[in-house]
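Undergrad: Take this structure first; my questions come after.
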Amino acid sequence: MTELVTQHSSKIQHGSWIELRTNHLLENLQTLRNHSRQTEVLAVIKANAYGHGLSEIANALAGKVTYFGVATLREALELKENHPQTPVFLFGHLLAHEIPAALLGGITLSVSSFEKAKEISELSKGLGRKTPVHVKIDTGMGRMGIPIREALPAIEQMTSMKGILMDGIYMHFPTAEKEDAFRETQVREFGLLLQTLEQKGIIFRYRHISNSAASLTLKTPIVNMIRPGLTLYGIYPDEGLKETAVFQPVLSVKSRILLVKKINTGETVGYGREFTAKTPTIVATIPFGYSHGYPYAAWKKASVLYQGKRYALAGKVSMDYITINFGNTPVKEGDVVTLMGEDQGDRITAEDIAHWAGTIPYEIVTRLNSHLPRLVTQ
Ligand SMILES: Cc1ncc(COP(=O)(O)O)c(C=O)c1O
């Protein structure tokens, strides 16, 4: 029995898996601190830590950041259970039925409306608690947050609510990577609001506006915490930022060849018969399809790494498999291919795959199936 359990937890047992280099995660964190000159960090680990694995990433960051930031109550409660010492910030706007569990769980909540603040305060008071909240201000994202023109009176009234502790204030950029007049106006208006509030004696312990891109390019004394996600994982939100700082990818995706075939000239592979062998060709099947998170749209441009060389896909991505055109390179069942990550000096990044699929790297990593085993290699 013990042997079976050991085998199950070994990568030998899996067709496909994710490897995580948490030393890169910690180096990326330090790079963000150096560039932003901020020590307080709200680490954005929502969406299963951008697909990397919530528990693995939280284990690596626990005790090293000011907050964990997530979007769903489920993730917030899971984090609180496993890391009671690290404050958890919930970005989401909670539905009424979710609030009691969030309060009992000791989660720091985001407030995007006066009414929600009141609802949280009343319930919190009833439980004999004072719940810490961060007020979200909408300065141009147009999504969550109290519109900036309504913020001053709303916050003044909130200060008299007995069940909440106004611990933080924040906003979000829709175009953080652009150092333009729009971003400047957002910062200026937010700064003016903070100044006016301060004159009225309303001071927030945490003030944060910077995602990855702004953490690297915006310097302002009005804030005292950064809120990065993508760059923590070593992925760039924008090509232009590659000049600014060096981040190392944390995640690799690997898979073992299941089956090898030599097909004849003129034979086809996969749905739609999109691949036709021009010469006798070695085709290998890999147990990683769109259900695992490989983007269907990438198939025409995609490749994988095998022993340091790139090989293109043979035909379309299926639900559970991709097929690789190995030409006349001999491969065998059980050999490892790298779908994302480094192999003998070459590297396929989340940005590469996003480019092949016509999407953004955020989507590539967050869609990695949570059932894939995550192996921490460092
Ligand atoms: C409110 C908020 N702050 C910070 C982040 C982190 O952004 P990034 O991953 O670009 O650093 C996100 C990401 O979606 C977000 O929604």
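The values are calculated or read from the model by the stated rules, or taken from the named source; none is laboratory data. Quick caveat: nothing in here was measured; it's all calculated off a predicted structure. A quick note on method: Cβ atoms are made from the backbone with ideal geometry, for glycine too, and the neighbour counts reach across all protein chains shown.
Undergrad: Closer than 20 Å to MET171 by Cβ, within 14 Å of the ligand (Cβ to nearest atom) and part of a helix (DSSP H, G or I) - does that describe any residue in the stretch 44-62?
TA: yes
Undergrad: Among the listed residues GLY140, GLY145, GLY168, identify the single one that is within 14 Å of the ligand (Cβ to nearest atom), assigned by TED's automatic domain parsing to the domain that holds ALA102 and touching a residue at least 60 places away in the same chain (Cβ under 8 Å).
TA: The conditions single out GLY168.
Undergrad: While we're here: Restricting the search to the stretch 219-237, which residues are touching a residue at least 60 places away in the same chain (Cβ under 8 Å), more than 15 Å from the chain's Cα centre (by Cα) and surrounded by fewer than 24 Cβ atoms within 10 Å (Cβ to Cβ)?
TA: The answer is LYS219, ASN224, MET225.
Undergrad: Now for a different question. Could you pull out the residue among PRO174, PRO132 that is part of a strand (DSSP E or B) and under 27 Å from the mean Cα position of the chain (by Cα)?
TA: Answer to the check: PRO132.
Undergrad: What residue, of THR265, THR276, THR338, is in contact with a Lys or Arg (Cβ under 8 Å, 6 or more places away or on another chain) and without any contact (Cβ under 8 Å) to a residue 40 or more places away in the chain?
TA: From the options THR265, THR276, THR338, the qualifying one is THR265.
Undergrad: Can you pull out the residues in the stretch 149-192 that are in contact with a strand residue (DSSP E or B) (Cβ under 7 Å, 6 or more places away or on another chain) and over 30 Å from GLY240 (Cα atoms)?
TA: Passing the criteria: ALA151, ALA154, ILE155, MET158, THR159, GLY163, ILE164, LEU165, MET166, ASP167, GLY168.
Undergrad: Another question, if that's okay. Report every pair of residues separated by at least 6 positions or lying on different chains whose Cβ atoms are under 7 Å apart, first residue within the stretch 36-59 and among the basic types (Lys, Arg) and at pLDDT 95 or above, second surrounded by fewer than 24 Cβ atoms within 10 Å (Cβ to Cβ) and not in a loop (DSSP other than H, G, I, E, B).
TA: LYS46/GLU75
Undergrad: Now a separate question. Scan ARG188, ARG183 and give me the residue that is within 16 Å of the ligand (Cβ to nearest atom), part of a helix (DSSP H, G or I) and without any contact (Cβ under 8 Å) to a residue 40 or more places away in the chain.
TA: After applying the criteria, what remains is ARG183.
Undergrad: Taking the options VAL304, VAL317, VAL331, name whichever one is of a type in the set (A, V, I, L, M) and outside any loop (DSSP other than H, G, I, E, B).
TA: Exactly one residue qualifies, and that residue is VAL304.
Undergrad: Among the residues of the stretch 192-210, write down those that are closer than 15 Å to GLY140 by Cα and either within 28 Å of the chain's Cα centre (by Cα) or in a strand (DSSP E or B) (or both).
TA: ILE209, SER210
Undergrad: Anything in the stretch 57-76 that is of a type outside the set (Val, Ile, Thr) and surrounded by fewer than 19 Cβ atoms within 10 Å (Cβ to Cβ)? List them, or say none.
TA: Once the filter is applied, which keeps residues that are of a type outside the set (Val, Ile, Thr) and surrounded by fewer than 19 Cβ atoms within 10 Å (Cβ to Cβ), the stretch 57-76 yields ASN59, ALA62, GLY63, LYS64, ALA71, ARG74.
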